[in-house]
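Participant: The structure that follows is given in the form of structure tokens.
The values are calculated or read from the model by the stated rules, or taken from the named source; none is laboratory data. This one's a predicted model, so the numbers in the text were calculated from it and none came from an experiment. When we count neighbours, we look across all protein chains shown, and the Cβ atoms used for this are built from the backbone with ideal geometry, even at glycine. We work out accessible area using only protein heavy atoms, side chains counted, and drop any ligands, DNA or RNA first. Shrake-Rupley method; radii C 1.70, N 1.55, O 1.52, S 1.80 Å.
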Amino acid sequence: MARLLWQQLPAQVRDAAEAAFGSAVVDEVSQSGGFSPGLASRLRLADGRRVFAKAISPDRDPLAPDLFRREARVMAAMPATVPAPGLLWTYDDGDWVMLVLEDVDGHMPHEPWQPDELQHVMTALADLAEYATPSPLPVPSVVDDLADNFGAWRALSAQPEEWPRLDPWARDHLDLLVDLEHGWGDAAKGDTLVHADLRADNLIVTADRVVVIDWPYAVAGAPWLDALFFLPSVAESSPGLDPQAVWESYGPARAADPGAVDAVLAALAGDWVRQSLRPAPPNLPTLRAHQAAKGAATLAWLRSRLG
């Protein structure tokens, strides 16, 4: 995947941004994390200020502009109590969409994950779950937002042509996975603000805190959801790390019903697996492999919990 650079944006988009900044862009550092084929760059302005800008059009990714618009609404309402960058400006001409946010001085967590950095992040997620309950901004319920995604095992059970492509354990236990997945909605509901897409490249570690970036999937759900959604990515990138051990040391997890956790894990694994079986979308050649790896890690964690 090739990120767009500032000079590759249409002139009208660049001109509008620089007019809003009141200063010209003089330097750019493109960011490599994530999967968007659009612009994602730290920009230095002629007056010395730094900002972060992201921009996309349907030609680059047909689904991304609406996600950017959704994130713009979330960030516009985001209170200062949430460790997220402030929204400075947005642009939307019906084709190109741009968000300009505060530039955060820090680094993404190291992968494979280092124990002290992982503990730092897990503590930050526990704090976020506490002061984001109830959700400080209006977002959809996770039950409504993921209703289509989190019925993947049921959908796959009706597609025998896909069964040879499934993990052998998943294929042999498809009925069990369908049953577990069925209860995910009651298990996941809640009133906590949930990022719902946490992984290393959506976190920035600064000198004194952990900042959470990229919020287009924000929903309201159970206070333990973000950690549950996050840990498969940690396990996938850090061979030998046991997500269950990290989970058991996480404060909100201790209040979670084990059956509810299994139900959501089953639904999450199914979503990753089913997504990975689809053809690669335009300009995102690595996405399906990422989804397959996340699906395998989530399924492995679920299997370990089920014994």
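Participant: What order do His290, His120 take when sorted by accessible area (1.4 Å probe), most exposed first?
Facilitator: Ranked from most to least accessible, the order is His120, His290.
Participant: About the Cα centre, and with charges only on the beta carbon of Lys, Arg (+1) and Asp, Glu (-1), how big is the dipole of segment 131-283? Nearest 20 debye, please.
Facilitator: Result for segment 131-283 is approximately 200 debye, rounded to the nearest 20.
Participant: How large a share of the accessible area of segment 19-173, in percent, is made up of carbon and sulfur atoms when the probe is 1.4 Å and the other protein chains stay in place?
Facilitator: The value for segment 19-173 is 51 percent carbon and sulfur by accessible area.
Participant: Now a separate question. Please go through segment 1-68 and write out the trypsin sites (Lys or Arg not before Pro) that DSSP classes as loop and that have at most 14 other C-beta atoms within 10 Å.
Facilitator: Listed in order of number, the matching sites are Arg49.
Participant: Could you run the Karplus curve 6.51 cos²θ - 1.76 cosθ + 1.60 with θ = phi - 60° over segment 49-63 and give me ³J(HN,Hα) per residue in whole Hz, x for Gly and Pro?
Facilitator: Those phi angles translate into 5, 10, 9, 10, 10, 9, 8, 7, 9, x, 5, 7, 7, x, 8 Hz.
Participant: What's the center-to-center distance, using Cα atoms, between segment 1-38 and segment 41-118 in Å?
Facilitator: If we compute the Cα centre of each part, the gap is 12 Å.
Participant: While we're here: Can you list residues from other chains, or at least 5 along the same chain, whose modelled amide H is less than 5 Å from the amide H of Asp103?
Facilitator: Hits under the 5 Å cutoff: Phe52.
Participant: To continue, here is another question. Any idea of the accessible area per residue across the chain, 1.4 Å probe, to the nearest Å²? Can you show the working numbers first?
Facilitator: Numbers: 13590 Å² over 307 residues.
Per residue, the chain has an accessible area of 44 Å².
Participant: Sequence-distant or interchain residues sharing an amide H contact under 5 Å with Asp197, placed H: which?
Facilitator: none
Participant: While we're here: Pick from Asp95, Asp271, Asp103: which is most flexible by mean-square fluctuation in a GNM of the chain where alpha carbon atoms under 10 Å apart are linked?
Facilitator: Between Asp95, Asp271, Asp103, it is Asp95 that shows the largest mean-square fluctuation.
Participant: Relative to the longest principal Cα axis of the chain, at what angle does helix 64-77 sit, 0 to 90 degrees, rounded to 10?
Facilitator: 80
Participant: Using modelled amide H (1.01 Å from N, peptide plane; none on Pro or chain starts), what sits under 5 Å from the amide H of Gln31, excluding residues fewer than 5 places away?
Facilitator: Amide H neighbours of Gln31: Ala40, Ser41, Arg42.
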